[in-house]
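Colleague: Got a structure for you, questions after.
The values are calculated or read from the model by the stated rules, or taken from the named source; none is laboratory data. Not measured: the values here are computed from a predicted model. Glycine gets a Cβ as well: all are built from the backbone with ideal geometry, and neighbour counts include every protein chain shown. Note: accessible area is taken over every heavy atom of the protein model, side chains too, but ligands, DNA and RNA are not part of it. Shrake-Rupley method; radii C 1.70, N 1.55, O 1.52, S 1.80 Å.
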Amino acid sequence: MQASSRSSSMERTSQWLSSQDVQTDLVVRVAGAAFPLHKAVMVPKCGYIRKAVAVATRPDPAATVEIELDGLPGGADAFEKAARYCYGANFEISARNAAALLCAAAFLDMQPADGGLARRVEEFLAQAGLRTLPNAIAVLRSCEGPLLTAAEELGVARRAADAVALRICNEVLFPTRSPPEWWASELAALSPVSFHRVFTALRCRRAGPEVLVAAATAYAELLLADGKASDHRALLESVVAVLPSADDAPLPAAFLCRLLHDAVTTEASAKTCRDLELRLAAVLDQATAGDLLAFAFDGAGERVINTESLRRVIAAFVERESGAGRNRRASLSGAAALGAGALQKVAKMVDEVAAEIATDESLPISKFVGVAGAVPKDARATHDCLYRAVDIYLKAHPELDEIEREKVCSVMDTLKLSYTARLHASQNKRLPLQAVLSALYYDQLKLRSAGVGHDDEDNDARSEAGSARMQAKADAALARENEALRSELARMRAHMSSGMQQSKGSGSRTAATAAVAGKKASFFGSMSRTLSRLNPFRAGGGWSKDTSSIRESRGGAMNVVKPKRRRSSIS
């Protein structure tokens, strides 16, 4: 206690003792403050002082006794009011000192037959101290600090926290002020330990998730907004440690993004960051690209700083969805479709985030690929948005070589691009050669397998609806070709089996062998012609020479013109 408060306490004590002519014979020292008192007044109402005086006055009962009470809960202020009670003087009991007086009364053993000081404090708590939310919060707040241990032993802190929870529940059901959630701002005065007590009491009273979320978010935002820069990290770690679990009350994704950004910026402990990452992963499908971007960029919004945390959050969400998907496979309800929709929503959001962070010229390839590739490729119905992000990154990093550009493009699948995107990719000079060839090959394969050769079909292929129809035709043509090959193979096997059973002589064996050879030639010739029709790089495509019109010579040999061997170099 400060010197000014000690002097004021002694001055007040002298004032209400000055009217008595009896000389003091008891001096009590509390935290540096000395209180001259009378044994005849204090001993009957204070068991602790009675025992101390009995021990100190055994040689001389009339001697002045000095007692040290440094461990008294509430300090000199609480002892002053306890002494006033013993002398019958007036003193004030308030929500700020009620807990300290109750603890001091228990420490001094002031429990006479009439109830003593403890009974008077209990009456105040029942009538006023715990009847309103501000008073209950003030009582709970007074239990913090040095008084915490004694308040816990007497149950004062628990009772105050339960009173706060009860008043909050009443306000939720029957609001008395405007706005209805005015009570949330009152919680900012509490320490993290006291807030955790209130939250536990709310959960015991079965408060709704919306109440728990409102209490947690308001408390964290107000407390961290008022925190000083020097202790912001410690305060943040304390707040995160007492936040409700995701099962009790899933916190908003935007709020968790702000907390995670602060944790990374202030270099909070790994435990705190990991806790926030798992909480955000649990509600990632409720976040927006703006939430993730506010978390990924620095305060000025110019430099990407949180790509590793962002990647871990996305990976944790994908892992949760994969586990939930395995559990939903046996179910025929709509939960599986709901989970797939959440994954597709997150995939689209990740593509938007990847496109934004791709503009950072200092962003390494590994970090871009880590974020964009954190969602599986098959989670996206189309890769157009991902192709946009890749193209933006390549445009912002023109110094990349061929291998590095291939590494950037490894996150997308050109076969999942729309016709418009493939057309753009086939003419994009920023893409590596391999990606361009993949886009060209896919278009050629679709056109050739569908037998496109008419102008009206060319026009259909340039639209999304036409592409769908051409794909259906291509699938049907491939199915017919496969069925023909299977039928040809079945007939060949049947003929070979019957030929081996019927031929017993040498002449018959020779005839069967000739028949089998003819069938083999017919089978492989049919297969060769079928595969040649499926080749997307036949004559007409400008990629290879058509050898389907070459005929066999009379001697059985074929005059084949060997194509020149060309080397393809990738610069």
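Colleague: Counting only Cα, what are the radius of gyration and maximum Cα-Cα distance Dmax of the stretch 98-237, in Å?
Modeller: Radius of gyration, then largest Cα-Cα span, for the stretch 98-237: 16.2, 53 Å.
Colleague: At 4 °C and 1.567 mPa s, what whole-number value in µm²/s does Stokes-Einstein give for the translational diffusion of the stretch 357-446, with Rh from the Kirkwood sum over Cα pairs?
Modeller: Here the translational diffusion coefficient equals 99 µm²/s.
Colleague: Still on this structure: With each label point set 7 Å from Cα along the Cα-Cβ vector, what nm distance links SER362 and THR132?
Modeller: 5.4 nm
Colleague: Give me Rg/Rg_expected for the stretch 56-181, where Rg uses Cα atoms only and Rg_expected = 2.2 N^0.38 Å with N residues.
Modeller: This ratio for the stretch 56-181 stands at 1.28.
Colleague: Another question, if that's okay. Once R0 is set to 30 Å, what does the formula 1/(1 + (r/R0)^6) return for the Cβ-Cβ distance between SER269 and ASP248, expressed as a FRET efficiency to the nearest 0.05?
Modeller: Once the sixth-power term is evaluated, E becomes 0.85.
Colleague: To continue, here is another question. With r defined as the distance between the Cβ atoms of ARG206 and LEU278 and R0 fixed at 25 Å, what FRET efficiency is calculated, to the nearest 0.05?
Modeller: 0.45
Colleague: Now, a different point. Ignoring ligands and nucleic acids, what accessible area does CYS273 show with a 1.4 Å probe (Å², nearest 10)?
Modeller: Number for this one is 20 Å².
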